[in-house]
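To start, the structure under review is shown below, and the notes come after it.
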Amino acid sequence: MLPVFTSTERLVAALGPLQPWAQLPLARASELMGEAGVDLVVVDPTADDDATRWQQGDIEALLRSQE
C-alpha cells in the first residue's frame, strides 16, 4: 500500500514533525506503484499511538549514512 496524505499538516498529525516525506506528481507516483507491484492507496491514514515515529537521532543517522 502507498500511504498518501492530502496535506503536510495531516502527515505531521499522523506521523510526527520529523517524518521524512516526498511530494510526487500523481502520474509519477502511479508509475512507481506499478513498478513496485503496489495496487492500494490509503488516503490520510492514521497511525497507532505506539507506532514508531522518527526522532532527531534517526534523521542524524540517516544523514551520516549518506556521507
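A few notes on this one:
- Leu40 vs. criteria under 13 Å from Val4 (Cβ atoms) and modelled with pLDDT under 90: no
- For segment 16-29, the set of residues classified as open to solvent by less than 70 Å² (accessible area, probe 1.4 Å) and on the phi < 0 side of the Ramachandran plot consists of Leu18, Gln19, Pro20, Ala29, listed by residue number.
- Residues that are closer than 28 Å to Ala61 by Cβ and surrounded by 10 or more Cβ atoms within 10 Å (Cβ to Cβ), drawn from segment 34-43: Val38, Val42
- Residue within segment 5-14 that is aromatic (Phe, Trp, Tyr) and loosely packed, with under 13 Cβ neighbours inside 10 Å present: no
- Segment 44-57, residues that are open to solvent by less than 70 Å² (accessible area, probe 1.4 Å) and over 12 Å from the mean Cα position of the chain (by Cα): Ala51, Gly57
The values are calculated or read from the model by the stated rules, or taken from the named source; none is laboratory data. What you are looking at is a predicted structure, and each value in this text was computed from that prediction instead of being measured. Here Cβ is always computed from backbone atoms with ideal geometry, including for glycine, and neighbour counts include all displayed protein chains. Side chains are part of the model used for accessible areas, which takes the heavy atoms of the whole protein and leaves out ligands, DNA and RNA. Shrake-Rupley method; radii C 1.70, N 1.55, O 1.52, S 1.80 Å.
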